[in-house]
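Here it is, the structure, as structure tokens.
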Amino acid sequence: MYTVEIYRADARTKAGERLVLKKDYDTDNRSTLEKTVKDSLQKNERYEIHETYVTRTSLVGGKEFQERYDTPYYCSPSSESYWSM
């Protein structure tokens, strides 16, 4: 499973671009997904493809678990800040 993020150039933002789309795709073939995304982009857009789930280790207990790649650090059981609340 992959997640595609599409960014568009925007001079109004500090980074010079903004996120316009974040979509999950249930596919195992990354190269086909890249080709599909490239064909649908406009001139002033770029994309990033991420694996949707990553494997991490819990700080307390040491068990491995899977979470989304975009989970904030402080919300992840693999961080000290999660357990100190």
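Here, each number is a calculation from the coordinates, and none is a lab measurement. Computed from a prediction, not measured in an experiment: that's the story for all the values here. Positions of Cβ are generated from backbone atoms using ideal geometry, with glycine treated the same way; all protein chains shown enter the neighbour counts.
If L33 satisfies all but one of (1) exposed (fewer than 11 other Cβ atoms within 10 Å of the Cβ); (2) part of a helix (DSSP H, G or I); (3) of a type in the set (A, V, I, L, M, F, W, C), what's the number of the condition it fails?
(1)
Out of S40, S84, which single residue is more than 13 Å from V4 (Cβ to Cβ) and of a type outside the set (D, E, K, R)? Spell out the reasoning first.
On the way: S40 fails: more than 13 Å from V4 (Cβ to Cβ).
So the residue among S40, S84 that is more than 13 Å from V4 (Cβ to Cβ) and of a type outside the set (D, E, K, R) is S84.
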